[in-house]
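The structure under discussion appears below in the form of structure tokens.
Nothing in this text is a laboratory measurement; each read-out follows from the coordinates by a stated rule. In this text, all values refer to a predicted model and were calculated from it rather than measured experimentally. Reconstructed Cβ throughout: ideal geometry from the backbone, glycine too, with neighbour counts over all protein chains shown.
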Amino acid sequence: AQSVTQPDIHITVSEGASLELRCNYSYGATPYLFWYVQSPGQGLQLLLKYFSGDTLVQGIKGFEAEFKRSQSSFNLRKPSVHWSDAAEYFCAVGALGGTSYGKLTFGQGTILTVHP
Amino acid sequence: SAVISQKPSRDICQRGTSLTIQCQVDSQVTMMFWYRQQPGQSLTLIATANQGSEATYESGFVIDKFPISRPNLTFSTLTVSNMSPEDSSIYLCSVAPTGIGVEQYFGPGTRLTVT
């Protein structure tokens, strides 16, 4: 069964500082990996995705993520955080086989607070 | 990506009643999904709703409690039946418009409170 772990429940950074949110996954085949962001009272917005190929993927809003198969990780990064980045971030892994085709399994989320 | 809307955006319901949530997308999509997000928790898949077939439910979710309709390629409904306070959650629909089932885009969600 697939699973996702986001070790950090809450992270606080200063505006302009760099950011890294951690994500570790467990999946028996080639993973399909995603980062979503959820602002308060909003739905989920897809930030970026990894299917195959280049292990460093670029997303929207200046975010990037790096897939490391040896570490089963897919960490999200941003070089300079803006106050508007304050939100909750979810990492997810997707299944494309078997009875769970299309199922996304989400991590517990990381709440990002940005100090001015 | 697709534009997805949900109705209602929020509701407060009494226990024992039912609520039907609508999900509308602006383009035809084969795969639609319903998720639940309990307070302070992550998202959990309830069921997959593909047009022309019965919904497929995940372990822990049953059709009698969460009946789903998918009458066409742009619309789906989820009913939360015989509600209890434990059903208080955000319910989100998602679609896979690119044809890659796991590349999903989410609606804004329906925030349900059961009293």
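Just the isolated ones, please: cysteines in the protein assembly as shown lacking another cysteine beta carbon under 4.7 angstrom.
Cys with no partner Cβ under 4.7 Å: B:13.
Can you run the Rg to Rh ratio on chain B? Use alpha carbon positions and the Kirkwood inverse-distance Rh.
0.94
For A:101, A:32, what's the fewest-to-most ordering of other Cβ within 10 Å of each Cβ?
A:101, A:32
Taking every pair of distinct Cα atoms and averaging 1/r, then inverting, what Kirkwood hydrodynamic radius in Å comes out for segment B:1-58?
For segment B:1-58, inverting the mean 1/r across all distinct Cα pairs yields 13.4 Å.
Just tell me how shielded A:101-110 is by partners: mean number of partner chain Cβ atoms within 10 Å of each residue's Cβ, no decimals.
6
What list do you get for B:56, B:20, B:110 if you sort them by fewest beta carbons within 10 Å?
Taking fewest neighbouring Cβ atoms as first place, the list is B:20, B:56, B:110.
Charges at C-beta only: +1 for Lys and Arg, -1 for Asp and Glu. How large is the resulting dipole of segment B:30-95 about its Cα centre, in Debye rounded to 20?
Magnitude of the dipole: close to 140 debye.
How high is the relative contact order of segment B:31-102? Use alpha-carbon pairs under 8 Å, at least six apart in sequence, and give a whole percent.
37
For residue A:61, go through the lysines and keep the ones whose alpha-carbon is under 19 Å away, minus same-chain ones fewer than eight residues off.
Within reach: A:49, A:78.
Can you tell me the Rg and the Dmax, both Å, for the Cα atoms in chain A?
Cα radius of gyration and Dmax of chain A are 13.8, 47 Å respectively.
On a full-extension model of 0.36 nm per residue, what is the gain between residue B:86 and residue B:69, subtracting their alpha-carbon distance, rounded to one decimal in nm?
3.8 nm
When only Cα pairs under 8 Å and 6 or more residues apart are kept, what is the percent relative contact order across chain A?
Relative contact order comes out at 37 percent.
How much length would be gained if the chain were fully extended between residue A:113 and residue A:14, taking 0.36 nm per residue of separation minus their Cα-Cα distance, in nm to one decimal?
34.8 nm
Quick one: length gained pulling residue B:115 to residue B:14 fully straight, 0.36 nm per residue minus the C-alpha distance?
35.9 nm
Mind checking segment B:4-108 for GluC sites (Glu not before Pro) that DSSP puts in a loop (not H, G, I, E or B) and that have at most 12 other Cβ atoms within 10 Å?
For GluC sites (Glu not before Pro) across segment B:4-108 that sit outside H, G, I, E and B with at most 12 neighbouring Cβ atoms in 10 Å, the list reads B:54.
Calculate the mean, over all residues of peptide A:69-77, of how many other protein chain Cβ atoms lie within 10 angstrom of the residue's Cβ.
Counting Cβ atoms of other protein chains within 10 Å of each residue's Cβ and averaging gives 0.
Per residue of B:101-114, what is the mean number of Cβ atoms on other protein chains within 10 angstrom of that residue's Cβ?
The shielding value for this peptide is 5.
Can you sort B:87, B:26 from fewest to most other Cβ atoms within 10 Å of each residue's own Cβ?
Lowest to highest Cβ neighbour count: B:26, B:87.
Determine the percent antiparallel among the DSSP beta bridges restricted to the protein assembly as shown, to the nearest 5.
90
Diagonalise the Cα gyration tensor of segment A:22-78 and give the resulting equivalent ellipsoid semi-axes, square root of 5 times each eigenvalue, largest first, whole Å.
20, 13, 10
Please list the equivalent ellipsoid semi-axes of the protein assembly as shown, computed as the square roots of five times the alpha-carbon gyration tensor eigenvalues, in descending order and whole angstrom.
Calculated on Cα positions only, the semi-axes equal 29, 21, 16 Å.
What aspartates and glutamates does residue B:7 reach when the alpha-carbon gap must be under 18 Å and sequence neighbours fewer than 8 apart in one chain are set aside?
Here the aspartates and glutamates satisfying the reach criterion relative to residue B:7 are B:26, B:87.
Once you place label points 7 Å from the Cα toward the Cβ at residue A:77 and residue B:62, how far apart are they in nm?
For the pair residue A:77/residue B:62, the computed spacing is 4.9 nm.
Would you calculate the separation in nanometres between label points at residue A:51 and residue B:51, each defined as 7 Å from the Cα along the Cα-to-beta-carbon direction?
Between residue A:51 and residue B:51, the simple spin-label model gives 2.1 nm.
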